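Read through the structure below, which is laid out as structure tokens, and then see the notes.
The values are calculated or read from the model by the stated rules, or taken from the named source; none is laboratory data. This structure is a prediction, so every number in the text was calculated from the model and none was measured. All Cβ positions, even for glycine, are placed from backbone atoms using ideal geometry, and neighbour counts span all protein chains on display.
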């Protein structure tokens, strides 16, 4: 079965003559190419879960032709070993908890891994708004603790920039920074949502 050219380009495919397995696949035939593809997928999955698109790109980089790569990956999907929805949900959960990433950063990471928009939205829905606010508070408290000698407005800009880099929305970031700094005794009367975060 031939795949549409646009589908191959969208997943970062490379020509079959590039890659370490291309020559071997030509010499020993399709069965060997499928074995090499299967072994490559098993090896990649043994280190961490991966999206379908990540695996497809890796197979193409290794010189596995598109039809063989898709056929092998289809079998992994059917066996439940490759599941973009489960991958996205787990990715969001772990990156939010361990790295403190907000929705925007998580969405960008998932799209970079080739996860489709509907699956990304479903995974992001698993992030509870209260949990996101609490995680932002934890990040601000931890960072603000080492900034007590810094002028409050500068401290606020730096904290806003940190939350922006972590992918938190502007309104949530301003609310959390204002509340946390005011609870620590800082006066932030002139801090508004027009205040630009430090780069």
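Numbers at a glance
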quantity: Which numbered condition residue 135 misses (of (1) surrounded by 14 or more Cβ atoms within 10 Å (Cβ to Cβ); (2) under 18 Å from residue 173 (Cα atoms); (3) out of contact with any helix residue (DSSP H, G or I) (no Cβ under 7 Å at 6 or more places or on another chain)); calculated: (3)
quantity: Identity of the residue in region 165-177, assigned to a helix (DSSP H, G or I) and surrounded by fewer than 19 Cβ atoms within 10 Å (Cβ to Cβ), that ends up farthest from the chain's Cα centre (by Cα); calculated: 175
quantity: Qualifying residue in region 145-153 (condition: surrounded by fewer than 18 Cβ atoms within 10 Å (Cβ to Cβ), under 20 Å from residue 177 (Cβ atoms), in contact with a helix residue (DSSP H, G or I) (Cβ under 6 Å, 6 or more places away or on another chain) and without any contact (Cβ under 8 Å) to a residue 24 or more places away in the chain); calculated: yes
quantity: Selection status of residue 111, outside the structural domain of residue 49 (by TED's automatic domain parsing) and closer than 27 Å to residue 38 by Cα; calculated: yes
quantity: Yes/no for residue 70 being more than 29 Å from residue 183 (Cβ to Cβ) and outside the structural domain of residue 177 (by TED's automatic domain parsing); calculated: yes
